[in-house]
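Novice: I have a structure I would like to understand better, so I am pasting it below and will then ask my questions one at a time.
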Amino acid sequence: MQLRKFDISSLKGKLAKIRDWMTNHSLPPKLVFILMGIISTIWFLIRVIPKPSRASYPCMRVAAPMMSGFVLYLLAIAGITAASRKSGRKIFNVRYWSTALLLTGVVIAMAIAPSNNIETIVEDADTYAGPADSPNSPIGEARGIYPGRVVWVWNPDATNEKFEHNDVDAYQYFPFPDNNNSEVIAKMFRDGVLKLTGKKSPDKAWDAIFRYYNKNKSNKDKGYTKGEKIFIKINQGQAGWLLTRDDKAKGNVVPRTLAPNDGKRKNLLPTETGPYAILEMLRELVNDYKVDQNDIYIGDPMNPIYAHNYDVWVKEFPQVHYIDKTTTNFGRTQVKFTEKTLVYYSDKKITDKLMDIHEDATYMITSAVLKPHGAAGISLTAKSNFGNVGRSGAHHLHYSHLATQREGSPNNIGYKKYRCLVDLMGSQYLGQKNVFLFVEGLFGGGSDEVKGPVKYFMPPFNNDWCNSLFMSLDQVAIESVGFDFLRTEWNGKRTHDQVNAAWEAISSIRGVDDYIHQAADSKNWPDGITYDPDGSGKPIPSLGVHEHWNNENDKQYSRNLGNGKGIELVSIPANLVKGGK
């Protein structure tokens, strides 16, 4: 089934072209009407008989008048003919009556055809059905110092509201200093970390984070110790193909030398990690918590680091390792594929090596970006793991997405399907090595992972940049919250300022959250699948808690309502969540 924006005027235009072709080829008007009636009737019956609810779809509302006019015409002709034969006299001139009925059918079709202002929707309810579970129905086991807590920090002063990402001639990109208020972003990040841990200072907050991780992993009450490596995984997934050879020779600069594009947005920087939230993370880890710079590794292993990030970070932290898998030039530390296989996918089809930093690091921090994905539906901390595998790319894993190819139809929709994201979240070298999970939403992503940012319409964004940061110690909870935001914004009822955004409702396909359900509770695993990505013979436990908020206005989860063991969404400022604290 093809997911797309349904445009009433477009469909009516196509039908008009068919009609015009018939007319231009000297087909009689009556024959044109009959052929169009046959086509509409067949289309309507094929779609509606298997599922009667489809009769309300816009495409069916276009076909129905043509079909009904055609059927009315046939019934009337049959009735007139029978009456004439029964009377034995030609009291009716069938030819004249048929012409009159033809005109009547056309008038009826024009009168009841839907107008062009019907909202954009997804054509097939089999594809678009929203989440399978009802609001405030938590599953899984909550994790965190405050179990299930996700912190959302919003400040509309974080970014330049006047910045327009589609201004190619101005050579402006979202990560540039003029488009980011670094002081505001730093305070947002710091306040979020304090709220996540309940501590009064960054050093105590980070110590609590590392101690919580070690207590749960090995039952040791200890924080970071010098010599323990920390890998900060950022989102730079498109750099590998956006940067030209010339760019890479200059130190991986912003891709100014891209080939000419045939659509204004195709050569613009995709929504990925920017410099300033990570800069504050480094300041807190190094300056406050006293982590040795040499113990920190940062990058997206499969891809280079853009200069607009590297130049900001290295200025203050020159001893941090900025990784690249291809070079040691420009201050980069080269990483390599592991010698042995480290991920055993639980459907038994393939395995993967990772990078040596995954094997060597004691701790991992995943920094993802708030954005949809053209095949998976959403791209958050779980999807970020695709950049960790020890290959040149991760296309070999797309077979378990909702759309097995990014440009393809969502042909793997639904629930209890094998999802490799669960294996990656459950890997001892990836998801279960995360000490802290962070989603940067300063600029919300466009309709898929290769698009630049767009302004979001849902409250409190209200046609501004998202200006948000999300963080948690529960990798399932942060996916659930991010999904609720994305499915609300990308619901197919809004038109974002983006060329060729054919997947406006991609985040709302039935089954986008299938992997989140499975990561939360083994009861949701597919038949015949036991998730054991380490090949240990021991199935993974619940990786966290999942649920959906009550509604997009109140944004309350069960712990906000005081009646559950699920997620607690804590916002800064507090009034973003109804009754927030």
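The values are calculated or read from the model by the stated rules, or taken from the named source; none is laboratory data. The structure displayed is predicted, hence computed values, not measured ones. All Cβ positions, glycine included, derive from the backbone under ideal geometry; neighbour counts span all protein chains shown. Accessible surface is based on the protein model in full, side chains and every heavy atom, while ligands, DNA and RNA are left aside. Shrake-Rupley method; radii C 1.70, N 1.55, O 1.52, S 1.80 Å.
Novice: Name, by its number, the condition in (1) assigned to a loop (DSSP other than H, G, I, E, B); (2) buried (at least 23 other Cβ atoms within 10 Å of the Cβ) that does not hold for ALA368.
Specialist: (1)
Novice: A follow-up question, please. Answer yes if at least one residue in the stretch 473-483 is farther than 25 Å from THR530 by Cα and in contact with a Phe, Trp or Tyr (Cβ under 8 Å, 6 or more places away or on another chain), and no otherwise.
Specialist: Keep residues of the stretch 473-483 that are farther than 25 Å from THR530 by Cα, which gives 481-482.
In the following step, the residues that additionally are in contact with a Phe, Trp or Tyr (Cβ under 8 Å, 6 or more places away or on another chain) were identified as 481-482.
Within the stretch 473-483, one or more residues are farther than 25 Å from THR530 by Cα and in contact with a Phe, Trp or Tyr (Cβ under 8 Å, 6 or more places away or on another chain).
Novice: Which ones in the stretch 137-159 are surrounded by 15 or more Cβ atoms within 10 Å (Cβ to Cβ), within 26 Å of PRO459 (Cα to Cα) and either of a type in the set (Gly, Ala, Ser) or at pLDDT below 95 (or both)?
Specialist: Within the stretch 137-159, GLY148, ALA158 qualify.
Novice: Looking only at the stretch 331-365, count how many residues are aliphatic (A, V, I, L, M) and outside any loop (DSSP other than H, G, I, E, B). Quick ask: steps written out before the conclusion?
Specialist: Pass one, the stretch 331-365, residues aliphatic (A, V, I, L, M): 335, 342-343, 350, 354-355, 357, 361, 364-365.
Next cut, outside any loop (DSSP other than H, G, I, E, B) only: 343, 355, 357, 364-365.
The qualifying residues number 5.
Novice: Test ALA375 against the stated conditions and say whether it is out of contact with any strand residue (DSSP E or B) (no Cβ under 9 Å at 6 or more places or on another chain), in a loop (DSSP other than H, G, I, E, B) and within 13 Å of GLU449 (Cβ to Cβ). Steps first, answer last, please.
Specialist: On the way: out of contact with any strand residue (DSSP E or B) (no Cβ under 9 Å at 6 or more places or on another chain): yes; in a loop (DSSP other than H, G, I, E, B): yes; within 13 Å of GLU449 (Cβ to Cβ): yes.
Considered against the rule, which asks whether it is out of contact with any strand residue (DSSP E or B) (no Cβ under 9 Å at 6 or more places or on another chain), in a loop (DSSP other than H, G, I, E, B) and within 13 Å of GLU449 (Cβ to Cβ), ALA375 comes out as yes.
Novice: Please go through the stretch 197-206 and pick out each residue that is surrounded by fewer than 19 Cβ atoms within 10 Å (Cβ to Cβ) and part of a helix (DSSP H, G or I).
Specialist: Looking only at the stretch 197-206, we keep the residues that are surrounded by fewer than 19 Cβ atoms within 10 Å (Cβ to Cβ), and these are 198-201, 203-204.
Within the stretch 197-206, ASP203, LYS204 qualify.
Novice: State the number of residues belonging to the stretch 289-319 that are assigned to a loop (DSSP other than H, G, I, E, B), free of Cβ contacts under 8 Å to residues at least 60 places away in the same chain and of a type in the set (A, V, I, L, M, F, W, C). Give the derivation first.
Specialist: Of the residues in the stretch 289-319, the ones assigned to a loop (DSSP other than H, G, I, E, B) are 289-292, 301-302, 304-306, 317-319.
Right, trim to free of Cβ contacts under 8 Å to residues at least 60 places away in the same chain and you get 317-319.
Checking which are of a type in the set (A, V, I, L, M, F, W, C) leaves us with 317.
Of the residues in the stretch 289-319, 1 are assigned to a loop (DSSP other than H, G, I, E, B), free of Cβ contacts under 8 Å to residues at least 60 places away in the same chain and of a type in the set (A, V, I, L, M, F, W, C).
Novice: When the stretch 177-201 is examined, which residues are found to be under 10 Å from TYR276 (Cα atoms), of a type outside the set (Ser, Thr, Tyr) and in contact (Cβ under 8 Å) with a residue 24 or more places away in the chain?
Specialist: ASN180, ASN181, VAL184, ILE185, ALA186, PHE189
Novice: I'm trying to understand the selection: among the residues of the stretch 371-383, which are open to solvent by 10 Å² or more (accessible area, probe 1.4 Å) and either closer than 30 Å to THR225 by Cα or free of Cβ contacts under 8 Å to residues at least 12 places away in the same chain (or both)?
Specialist: Within the stretch 371-383, the subset open to solvent by 10 Å² or more (accessible area, probe 1.4 Å) is 379, 383.
Of everything in the stretch 371-383, just one residue is open to solvent by 10 Å² or more (accessible area, probe 1.4 Å) and either closer than 30 Å to THR225 by Cα or free of Cβ contacts under 8 Å to residues at least 12 places away in the same chain (or both), namely LYS383.
Novice: Which condition from (1) open to solvent by 60 Å² or more (accessible area, probe 1.4 Å); (2) under 24 Å from SER480 (Cα atoms); (3) not in a loop (DSSP other than H, G, I, E, B) is the one that LEU194 breaks?
Specialist: With (1) open to solvent by 60 Å² or more (accessible area, probe 1.4 Å); (2) under 24 Å from SER480 (Cα atoms); (3) not in a loop (DSSP other than H, G, I, E, B) applied to LEU194, the lone miss is (1).
Results for (1) more than 22 Å from the chain's Cα centre (by Cα); (2) modelled with pLDDT under 95, shown as yes or no for each residue.
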{"site": "SER542", "(1), (2)": "yes, no"}
{"site": "LEU561", "(1), (2)": "yes, no"}
{"site": "GLY564", "(1), (2)": "yes, yes"}
{"site": "ILE567", "(1), (2)": "no, no"}
{"site": "ILE572", "(1), (2)": "yes, no"}
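Novice: For a quick check of your reading of the model, give me the residue pairs whose first member lies in the stretch 548-564 and is more than 14 Å from ARG487 (Cα to Cα), whose second is at pLDDT 95 or above and aliphatic (A, V, I, L, M), with beta-carbon atoms closer than 7 Å and at least 6 apart or on different chains.
Specialist: Pairs that qualify, where the first residue is more than 14 Å from ARG487 (Cα to Cα) and the partner is at pLDDT 95 or above and aliphatic (A, V, I, L, M), are GLN556/VAL577; TYR557/ILE567; TYR557/LEU569; SER558/ILE567; ARG559/ILE567; ASN560/LEU569; ASN560/VAL577.
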